[in-house]
Structure formats: structure tokens, C-alpha cells
1. Restrict the check to the range 167-175 and report whether at least one residue is under 30 Å from E327 (Cα atoms) and part of a helix (DSSP H, G or I).
2. When the residues of the range 85-137 are narrowed to those that are small (G, A, S) and touching a strand residue (DSSP E or B) at 6+ places or on another chain (Cβ under 8 Å), which ends up farthest from A203 (Cα to Cα)?
3. Just to check your reading of the model, which residue among R313, R284, R292 is assigned to a helix (DSSP H, G or I), open to solvent by 20 Å² or more (accessible area, probe 1.4 Å), modelled with pLDDT under 95 and among the basic types (K, R)?
4. If you check R123, R119, R104, R88, which single one turns out to be at pLDDT 95 or above, over 24 Å from L25 (Cβ atoms) and open to solvent by 40 Å² or more (accessible area, probe 1.4 Å)?
5. Hey, could you check the range 254-281 for residues that are touching a strand residue (DSSP E or B) at 6+ places or on another chain (Cβ under 7 Å) and open to solvent by 50 Å² or more (accessible area, probe 1.4 Å) and say which is nearest to G221 (Cα to Cα)?
6. Return yes when G221 is open to solvent by less than 50 Å² (accessible area, probe 1.4 Å) and not β-branched (V, I, T) and no when it is not.
7. Take the range 230-253 and flag every residue that is part of a helix (DSSP H, G or I), open to solvent by less than 10 Å² (accessible area, probe 1.4 Å) and closer than 21 Å to L311 by Cβ.
8. Right, F62: closer than 19 Å to A111 by Cα and not hydroxyl-bearing (S, T, Y) or not?
Amino acid sequence: MVYLGVDLHRKRSVVTALAEDGTVLLSRRIASRPEDFRRVFGELEPRSLSVTFEATYGWSWFADLLADAGIEAHMAHPLATKAIAAGRVKNDSVDARTLAHLLRTNLLPEAWIAPPLVRERRRLARTRTSLVRIRSRLQCQVHAILADHCVQPAVDSIFGAAGRRFLQTVELPAVDRGRVDAALRLMDAITAEVIALDKELRAAFAGDERIRRLTAIPGIGFLSAAVVLAEVGELGRFRSPDQLASWAGLTPTERSSDEHTRRGHISKQGSRWLRWVMVEAASRRFRDPALRRFEERIASRRGKKIARVALARRLLTLSFYALRDQEGCRAFPVRARASRQIRTGALAGSHGLPVGDGRAN
């Protein structure tokens, strides 16, 4: 077996190959192109190869290259690798050799290599979320322009039909009028893209029974469920809901020494998209009395913001059991809402909102 460590970059990468006894067989800087990597792999054949690389920017194509070549692939967790192998000298060659050494000695802290289908769904969900955030920033700019001129709209939403008519008639200086009109045009273009992505998400998760299990949980609708499924991928890699919450960055940090333990804020290390969608789901007003009491009890002691994060973790825990069990989580089983259908109209009405329950957040 030959162990290869690859310090992967966008333009140039370093490849280091170690034999089973740790002897350096090859150390080379090459262009980050598929043909260059194939050439290096060919020099080391016919021996079996095992390749490791860090979860860095733009790693998907390299993982697909290794899969197509039938080469055993391992993706290293960057933070854990740094904690294990921090050194006084750090450069690309040292990083590649360190990765190969950790793989050879079975000390590599591995990250999950999501299959292509999961990565495709993640791109859909993340692109939609990003577009909605851009549109929200444009809406904030319009509100700021009106505030600068002490304009107080008489309608609840200035981006609905009545609000658009108001914006067309309000008197503004030429520069600000141009800024408002440009923001409205951009918002309309983004809305068209969001609608198209919504259709793609519907098609991607059509017939997925897990959607019904997740949407039975209060606060989680189709779009929230789609983000959860896209980010989690294979639930089997998490042994407990606590592990899933830790991966989402919703667990507190801890500093312990002897008998002293100090817990801090949530780590925020992991999937920021999953953490975000859970906090958005927890931001809704809940009709369920148990969840409402849970939030109110924590809010009375720790404040509303901490209570919201705690509720987000509770919703993620419920989501774990909903994905694990065919009947859904016991607190909100699927059969309790068997007659409920996911309305396509609810999705169309949520285009002005972040990813939530299909109605409001």
C-alpha cells in the first residue's frame, strides 16, 4: 500500500507518497488538473493507493476524480488535523507529508465525503438560501432610503402589490429614485430564480418519505425539511442526536480541569446552513404547548436569544428521531398528520421569506 497526502489548492498542489514503512517515495508540486494527478497516480501503480486530502475550498472535483479512478479516498478534517499535527514549520510540502503520515498510522481525523447526489441537493438548497438573503439585503436598502427621507409607508409590506404602487408614487430625489427602481428590478429577477429553484427542490425530493416525517414537527415545513435532508445526507453517520447537534454547532463549548467545568456559548463549528435553518424554525410562534413551555421556561432564566437556540437544538433532536424511525418522532408522528398535504401554493407564497415552514418564519 502507498499512502498519498495531497495539499490541494486551486492552482497548484503538492503530492507526497509514503511507503508502508514511512519512506518518502515521491514529493512533487503539480498543477491542480485531473491529467496531472492521473500522471502521478500512474507512476505509483500497480501498487494499491490510498489518498487523503483536506476538506478545503473546491474539493468536490478531486473526490470525484479519485472515485472514477477507483482509488481509496479519505478527507481530513482541517481543524482536527491542525490540532493533532501543529508544527513550527508549515508549508505545502510539510502539510502533504503530514497528511500521508496520519493516514499511514491510522491517526487521520476524517470528514465525511458526501456523495454527488447529496452535494447536488446541497447546492440547490444553499443557492436558494443565498439568493433570498441577497433579496433581503436589497429590501433593507429600500427601507433605509425611505427612512432617510422620513417616508412612512401606509401599508404593512412595501413589497406587496399595494406597497409597489406606493413606491411608484412616492416622491424621491432622482438618485434615490434610481436606487429604489434598481433594487426592485433586482428583487424581481432574484424572485424568478428562487421560483425556479423551488421547482428543482420539489423535483429533487419528490416521493421522499422523510419529508413527511420532518414536516410533522412544528416549525418545519418543506423548505426547512429539504435543507435538513440536504445537509445531513446519511443519518447513519450520527449515533445520537447529540452528535448531530454538535455537527450543527448547536452544542456549548466546554473547558474542564479537575473538578472545575465551564461551559460557554455554542461552538458554531459545523454545518452553518443546518444551524441557521434550525434557528429560523425556532423563531416561529409555536402553537404546540410543550414546545412553547420549553422556550418560555428557558427564556425566563437565560433570556429569549438563548431560549431560541435551545429550542433550535430541541427541534434538531426531534428531526433526528423523525429521520431515524419510519413512523417519525414519537412526539409528532406522521400518522397524527396523515391527512395533511404539502400544498404547492404554500411554497409559492413563501418566496419573500427565508427558508422556513412554507408559510412564514
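1. Within the range 167-175, the first condition is being under 30 Å from E327 (Cα atoms), and the residues that meet it are none.
Taking every residue of the range 167-175 in turn, none turns out to be under 30 Å from E327 (Cα atoms) and part of a helix (DSSP H, G or I).
2. In the first step, residues of the range 85-137 are kept if they are small (G, A, S); the result is 85-87, 93, 96, 100, 111, 114, 125, 130, 136.
Those left that are additionally touching a strand residue (DSSP E or B) at 6+ places or on another chain (Cβ under 8 Å): 93, 96, 100, 111.
Working: S93: 45, A96: 41, A100: 41, A111: 29 Å.
Top of the filtered list is S93.
3. Result of the check over R313, R284, R292: R292.
4. Details: R119 fails: open to solvent by 40 Å² or more (accessible area, probe 1.4 Å); R104 fails: over 24 Å from L25 (Cβ atoms); R88 fails: at pLDDT 95 or above.
None of the others qualify; the one that does is R123.
5. Our first condition is that a residue be touching a strand residue (DSSP E or B) at 6+ places or on another chain (Cβ under 7 Å); within the range 254-281, this holds for 254-255, 261-267.
With the extra rule that they be open to solvent by 50 Å² or more (accessible area, probe 1.4 Å), the set shrinks to 254-255, 261-263, 265.
On the way: E254: 33, R255: 37, T261: 38, R262: 36, R263: 32, H265: 28 Å.
Among residues in the range 254-281 that are touching a strand residue (DSSP E or B) at 6+ places or on another chain (Cβ under 7 Å) and open to solvent by 50 Å² or more (accessible area, probe 1.4 Å), the one nearest to G221 (Cα to Cα) is H265.
6. Details: open to solvent by less than 50 Å² (accessible area, probe 1.4 Å): yes; not β-branched (V, I, T): yes.
Yes.
7. Narrowing the range 230-253 to residues part of a helix (DSSP H, G or I): 230-232, 235-237, 241-247.
Remaining after also requiring open to solvent by less than 10 Å² (accessible area, probe 1.4 Å): 230-232, 244-245.
Correct list: E231, V232, L244, A245.
8. Values: closer than 19 Å to A111 by Cα: yes; not hydroxyl-bearing (S, T, Y): yes.
Answer is yes for this residue.
The values are calculated or read from the model by the stated rules, or taken from the named source; none is laboratory data. Bear in mind the structure is a predicted one, so any value in this text is a computation, not a measurement. Note that we place each Cβ from the backbone using ideal geometry, even for glycine, and neighbour counts take in every protein chain shown. All accessible areas refer to the heavy atoms of the entire protein, side chains included, with ligands and DNA or RNA removed. Shrake-Rupley method; radii C 1.70, N 1.55, O 1.52, S 1.80 Å.
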